[in-house]
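The values are calculated or read from the model by the stated rules, or taken from the named source; none is laboratory data. What you are looking at is a predicted structure, and each value in this text was computed from that prediction instead of being measured. Cβ placement follows ideal geometry from the backbone for every residue including glycine, while neighbour counts extend to all protein chains displayed. To get the accessible areas, we keep the full protein, side chains included, count just its heavy atoms, and leave off ligands, DNA and RNA. Shrake-Rupley method; radii C 1.70, N 1.55, O 1.52, S 1.80 Å.
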Amino acid sequence: MMATAAQQAFSCKCGTLRGHVTAHGMKTGTRVVCFCPDCRAVQLYHNQPDPAPGPVDLFQVSPDTIEITQGTDCLQLLRLSPKGTLRWYASCCGTPFANTLAKPGLPFAGLLSDIFANQDALGKIRARAFVPQPGKPSKTTGAAVMALGIISRMATSRMSGRWRQTPFFNIETGEPVAEPKIPTKEERAKFY
């Protein structure tokens, strides 16, 4: 008999922003690690420990499987550039929370794994993105697994209409629920 996934609780470091990923999200999510400079920059921007040379651990899900039950007013938004990925955080304590794409019709969320009380429940790492290689371009291992998960979750969310159930966007306007803060080039330079 196969075990079923259970919903998993998450919270920011101070506990003001709380919620869970549904059992469906836990079952269909993909755990990945990312070595890209932007993921590192976000950690440094929020005064988190420097992940270098190691990666930032993420759990990719469809936004409709994320339920924020407390502290929605603390959900704030950072963009490292005017067209960059949306990087959500808890304003109460600066905890990086999730990464999303810029439009709700592209339902994707990469939650930072360290917001979960039980990181083991996220499963094993399925992909490693932007792994640095001395003297060569970075590489991604497990790219097919990661891409298949993203495409499958997006397609399912779009076809079911669940993409409209997102804590990150006002579906009527298509705008994020928070105004993005965009650091200046000088501010960004400190984190790269």
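Taking Phe130 as the residue in question, decide whether it is within 30 Å of Met159 (Cα to Cα) and of a type in the set (Phe, Trp, Tyr). Against the criterion (within 30 Å of Met159 (Cα to Cα) and of a type in the set (Phe, Trp, Tyr)), Phe130 does not qualify.
In region 171-187, the residues that are within 30 Å of Gly161 (Cα to Cα) and assigned to a loop (DSSP other than H, G, I, E, B) form Cβ pairs under 9 Å with partners that are open to solvent by less than 60 Å² (accessible area, probe 1.4 Å) and aliphatic (A, V, I, L, M), at six or more places apart or across chains, as follows: Val177/Leu75; Val177/Leu77; Ala178/Leu75; Ala178/Leu77; Glu179/Leu77.
The residues on offer are Leu77, Leu111, and the sole one that is touching a Phe, Trp or Tyr at 6+ places or on another chain (Cβ under 9 Å), of a type outside the set (Lys, Arg) and either surrounded by fewer than 19 Cβ atoms within 10 Å (Cβ to Cβ) or farther than 25 Å from Lys27 by Cβ (or both) is Leu77.
What do you reckon, is Arg162 more than 16 Å from the chain's Cα centre (by Cα), in contact (Cβ under 8 Å) with a residue 60 or more places away in the chain and within 23 Å of Ala23 (Cα to Cα)? Yes, satisfied. Considering region 117-143, the residues that are of a type in the set (A, V, I, L, M) and part of a loop (DSSP other than H, G, I, E, B) include one that is modelled with the highest pLDDT, namely Ile125.
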